[in-house]
Structures are given as C-alpha cells and as structure tokens.
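All remarks here apply to the structure that follows.
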Amino acid sequence: MDRLNDKRIVAGVTVVAVMVGAAAMFFLNKRNRTSLTSRSTLQPAYEQAIAQIKQKFEVPTDYIQRIKEGMESEFKLGLSKPTGEKPSSIKMLPSFIDRIPTGHETGISYALDIGGSNLRTMKLELDGHGKVKTILIRKSSISHELQTGDADALFDFIAASIGDVVDETAESNNFGFTFSFPVDQTDVSSGKLIKWTKGFQTKNVEGQDVVELLNNALERSGIRAKVTVLINDTVGTLISSAYDPSDGETVAGVILGTGTNASYIESKANIEKLETGEKEGVMVINTEWGNFDSPAYSVLEPTEFDLTIDKNSPNFSCQHFEKMVSGMYLGEIVRLALVDFAEAGFFSHRNSSYILTPYRFGTEFMSEIERDDTMQLIHVDAFLKRIDINNTSYQERKLLKELCHAVALRSARLVSGAIAAIVDRMGKKDTKSVVAIDGALFEHYPGYAGHIEQGLKEIGYNNVVLKLIKEGSGYGAAIAANVMSSTE
Ligand code: GLC
C-alpha cells in the first residue's frame, strides 16, 4: 500500500513537474517571441508619426512639374534685359566661357578650386584624349575664422596654397580659378562676388572683384601666378565632362554637395541681357538655381523646419531652393524634426550634443542611417552610439531612418524638376543628353541618383543621362584656362 502510495506520489510529482516545465517553456517562448516581434513591429503611435513625416515631405508628380515650370519661367526672365519690374530669383549669370572643349586639348594647366569650406590647388596635365592627369595637388580647409574674418586674411591663405603648387614660370601658364559662389562677370577673367552663400560671411568681399583680391594677395606674397579664367564649380563640372565626350554630349553641369547649382550651354542670341553685340555661337550660363523662389516662397512648399533654417541663416530669404535640397541643410532639417519628436515624447535622446547643437547632425549621418537594411536596424544602433546616442529603441531608430529617407527623397525629387527645366530649356527632351553631376550628396547618398531618375521619368523625361563627374570643378578650371587661352 505504502509502495503504491509512493508510486502515486512520484507519478503525481512527475506530472506536476512536467506541467510546470511545459508551462515555463511556453511562457519563456512566448516572452522571446514577443520581445523579437515587438522590436521589429511598430507601435501605432510611431506608425502614425512616420505617416505624418511622409506626408510632410512628400513631392507628388504635379509638384515636380510645378518646379520645372516655375524654374523655366525664371530662366527666361533671368536672361532678359532688366525692366525694373520684379527681377528673376534665378540670376542666369553669363560665364563668358564660349568655347566648349573637344577632348583634344593638351598641356599643363593650374587650377585653384574653392568649393565650400575646402580649397584645392592643382597642377594638371591634359592628355589630349579626354583625360586629365594630376601632377600635384594640395588640399586644405578654410577655417571658420577665415570664413567669418576679413578679406585679406582669406586671400592671403589662398595665395599661400597656390605658392605651394606653381613653379617659377607659372605666370605665363594657364591658371583657372573655380570660385563656387555667385559672381557677376563682365569678362572671363574677373568678376564681383554678388553675395556669399553656404554660410560664408568673410567681410569686404561682397561687391569686390575676387580675381583682383587674389592677384593682390599673390603680389603681397611675391608668388608669380596670374588668374586667366574665373569660373563657377558647375561650369567646371560641365567643361570637365565635355572634355571626355565618350558618354555623349554634355548639356549641363550640376553640383549636389554642400550647395546646389547648375550651368548649361545657351545660344548667345537668347541671352538678351548680354551687352556685347556678338550673337553668334554659345555661352555657358551659371544659373544660380539655389536662389529659386526667393525672397518669397510661391512654388516651393517649405515645412516649419525649412522656415526655421531660413530665419536663422546668415542669408535670410535667399537660396530657398538650396536650403531644401543641398547637403549643408538636410542634416539640419532632420535635427530640427528630431528635436520636435523629442518634445512630443517619440525620441528620448535630446540631451546629446548632436541633437542640441545646430548643424551638428550632418547629412553624412543620414547616409549612414539609410544604408542599414537589417531588421532591427542594428547598424543604426551602432552608428548612433558613435555619436553619443545610446540605448535607442527599435521604434526610435525606425522613426529616424524614415525621417532621413523622407528628407533626402524630397531633395532628389525637387532636383528632378530643376534638371527637367534645363533639358527643356535646351530643347533636348527627346534626345539623349548628358547632365554632369559632382558633389557628395549625389555621389554618396544611397539611392539619391535613382530618386532623381524616377522623378524625371514621372514627368516624361526618359533621355537624360546623369553622369557622375569627380573633381570636375577643379579640372574644369584647368581645361577652361587651356581652351580660352588658345589662339585658334
Ligand atoms: C551655392 C553657390 C553657387 C555654387 C553652389 C554649389 O549655391 O551660390 O555658386 O555653384 O553653391 O557649390
């Protein structure tokens, strides 16, 4: 009897143990399942927040079309003689470059290239087969002090970098100067800075001839060099691409980097405001499209973040298109939106200096974030840790990734309207045309080029080839110096 009881007790304990074990496994599994799914399933509040982001930054096809039409009419107005009525927001600056290279040019040329905060001086050789060889290059960055200080300090610094590259006989050589700001030119080798863009504020340069400022600095330092051609970086990009015509005829040069702008080849006969009597042939026009829709917004649809950027910038009510498109501003748009999300309780890392400090969240961060295709966004997590943002939830990371995507997508789709406007202006909608593009946003942002192509297709532009041109702005200066100094 006792034995029987013992057996029953043992059996009972076993059953209970098995049941407890099974229950434990069940709950354990369930917990694991919920923790895995909860990390990759969005809570409804986050779903809603992401839907709002998409809507806020959306650029439907008809908006692309409106950008194209708006730009085209500003192009036309910008080329006409000033009437005293409302001027065009797009300056359409004649570059006085009226010879396009063939690729057969040869010889040594020098280039000085000032883009955003980077400066490059180069000694280059044109090989006569569409290729440029770098013989010497010096790179430096223009400090915040120089960007906000006085003209002489900035130009002395530039002159010193030239001194490192030119040789004794440089004075007689071709010397191209790429100055990536809006310049009013009356000939190919001089021009007055109209207004600083991209955060530059150096004093006593606006309204001055930048070539004269540079030549004075060269003289002060006893460096034997003289600028023979002054160009914009978009012009350099166009010229550099034209030098290698293997991909087809280049119609435009575009920069999508710290700033944005484009130049294209126009018939002189259409440049009504050009004072020289000559109406034969072509000339490259630097559009300065970054200023489109300024000072008042009428085509662009800014968000509250765009308005804040404009209000706090040193060039308020200028460069509205650039401020919604280019690399200098995209990260700041994301940062401002994140601050809002933090206030609304969707992002709990507002104390990070990268979120607190204006312009600290760079567009290159957005590229890193967008590149992560893992389910749990583990690379975003690792990246955020590197910039002192720890312990993010999946919900927060997903929100951030969608935000970056929406801001970059809007930029690319706005650009597609602008490129279509140029292609249309040149009457090239139905023929293959190469648009040469330089700049980190275009080169490195994941999916960016594809977004532009998609936008172009939606409005019926299927023949545009977007061609990445590296170092185009500097190379183009050297090529332009060679072409323009030739006596043929
Ligand atoms: C800014 C400048 C313009 C330049 C562009 C790209 O928009 O005003 O001249 O081409 O940035 O660097």
Run the simple label-point estimate for Ala160 and Glu443 please: 7 Å along Cα→C-beta, distance reported in nm. 2.6
Mean Kyte-Doolittle hydropathy of -0.5 or higher plus an axial Cα length of 20 Å or more: which whole DSSP H helices in the chain meet both? 2-40, 327-343, 394-425
Take peptides 131-142, 365-376 and line them up by average Cβ neighbours within 10 Å, highest first, as a rough protection proxy. 365-376, 131-142
For the chain, give the share of DSSP beta bridges that are antiparallel, in percent and rounded to the nearest 5; count only bridges with both residues there. 65
Please identify every one of the GluC sites (Glu not before Pro) in the range 82-158 that sits in a loop by DSSP and has no more than 13 other beta carbons within 10 Å of its own beta carbon. Glu85
Estimated inter-spin distance, Ile137 and Gln65, nm [label 7 Å along Cα→Cβ]: 4.4
Along each of its three principal axes, how wide is the spread of alpha-carbon positions in the chain, in whole angstrom units, largest first? 123, 48, 43
Assign one of three labels to the range 46-191, namely rounded, prolate or oblate, based on the Cα gyration tensor with a ≥ b ≥ c the square roots of its eigenvalues; rounded applies when a/c is under 1.5, prolate when it is not and a/b is larger than b/c, and oblate otherwise. prolate
Kirkwood hydrodynamic radius, the range 83-166, all distinct C-alpha pairs: what's the number in Å? 15.7
Expected output is a single nm value to one decimal: the length gained when fully extending between Lys56 and Asp247, i.e. 0.36 nm times separation in residues minus the C-alpha distance. What is it? 65.0 nm
Listed peptides 224-237, 404-417 by packing density, highest first (mean Cβ within 10 Å): 224-237, 404-417
Specify the inter-centroid distance of the range 182-216 and the range 279-308, based on alpha-carbon positions, in whole Å. 20
In this model, which of Lys56/Lys81; Lys203/Lys268; Lys86/Lys203; Lys123/Lys273; Lys81/Lys192; Lys81/Lys470 are farther than 31 Å apart at the alpha-carbon? Lys56/Lys81; Lys203/Lys268; Lys123/Lys273; Lys81/Lys470
Compute the signed sum of charges (Lys and Arg +1, Asp and Glu -1) over the other residues within less than 14 Å, Cβ to Cβ, of Asp184. -2
Summing -39500 (n - 2.57) over every DSSP H run of at least 4 in the chain, dividing by its residue total and rounding to the nearest 500, the 222 nm mean residue ellipticity is -15000 deg cm²/dmol
Answer rounded, prolate or oblate for the range 147-207, using the Cα gyration tensor with square roots of eigenvalues a ≥ b ≥ c: rounded when a/c is under 1.5, else prolate when a/b is larger than b/c, else oblate. oblate
Largest first, please: the extent of the C-alpha atoms of the range 333-488 along each principal axis, to the nearest Å. 66, 36, 26
Sort 387-396, 244-253 for me by packing, meaning the mean count of neighbouring Cβ atoms within 10 Å per residue, highest on top. 244-253, 387-396
Return the distance in nm (one decimal) between the two label points of a simple spin-label model at Asn462 and Gln43, each offset 7 Å from Cα along Cα→Cβ. 4.8
Taking the Cα atoms of the range 225-335, what is the range of coordinates along each of the three principal axes, in descending order and whole Å? 47, 35, 32
Semi-axis lengths (Å, descending) of the ellipsoid that matches the C-alpha gyration tensor of the range 169-278: 25, 18, 16
Quick check on the range 50-117: take the gyration tensor over C-alpha atoms, sort the square-rooted eigenvalues as a ≥ b ≥ c, and tell me if it's rounded (a/c under 1.5), prolate or oblate. oblate
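Bear in mind these aren't lab numbers, they're just calculated from the coordinates by the rules spelled out. A quick note: this is a predicted structure, and the numbers were derived from the prediction, not measured. Positions of Cβ are backbone-derived with ideal geometry, glycine not excepted, and every protein chain shown enters the neighbour counts.
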